[in-house]
Amino acid sequence: MTRLLLTVSEAADALAISRAKLYQLIASGAIVSVRIDGSRRVPVTALTDYIKRLTAGEVA
């Protein structure tokens, strides 16, 4: 089964950015995340949506 949620570290690695930068993107609302108990998780779809918005902005 494919994972639907990533840890912040995993999501940052997937985007090739630092954890601090990912937390900035989460705080600004650019990337959606969820809290499960005390853990923050990033949906894989949030990463693909963010990348789509970035690439759409480069084309325009």
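Given in Å, the Rg to one decimal and the Dmax to the nearest whole number for the Cα atoms of the chain are 11.6, 40. Distant-in-sequence amide contacts of Leu6, defined by a placed amide H-H separation under 5 Å and a gap of 5 or more residues or a different chain, comprise Val42, Val44. In this simple spin-label approximation, Ala16 and Asp37 carry label points 7 Å from Cα along the Cα→Cβ vector, and these lie 3.5 nm apart. The phi torsions of region 27-34, fed into the Karplus equation with coefficients 6.51, -1.76 and 1.60 and a -60° offset, translate into couplings of 4, 7, x, 5, 10, 7, 9, 10 Hz, rounded to whole numbers, with Gly and Pro shown as x. The calculated 222 nm mean residue ellipticity attributable to helices in the chain amounts to -17500 deg cm²/dmol, summing -39500 (n - 2.57) over DSSP H runs of n ≥ 4 and dividing by all residues. Between Asp49, Asp13, Asp37, the residue with the greatest mean-square fluctuation in the GNM of the chain (Cα pairs under 10 Å linked by springs) is Asp37.
Among Glu58, Glu10, sorting on how many other beta-carbon atoms sit within 10 Å of each Cβ, with the fewest leading, yields Glu58, Glu10.
The numbers here are math on the coordinates, done by the rules we state, and not lab data. If you're wondering where the values come from, they're calculated on a predicted model, not measured in any experiment. Ideal geometry is used to build each Cβ from the backbone, glycine not excepted, and the neighbour counts take in all protein chains shown.
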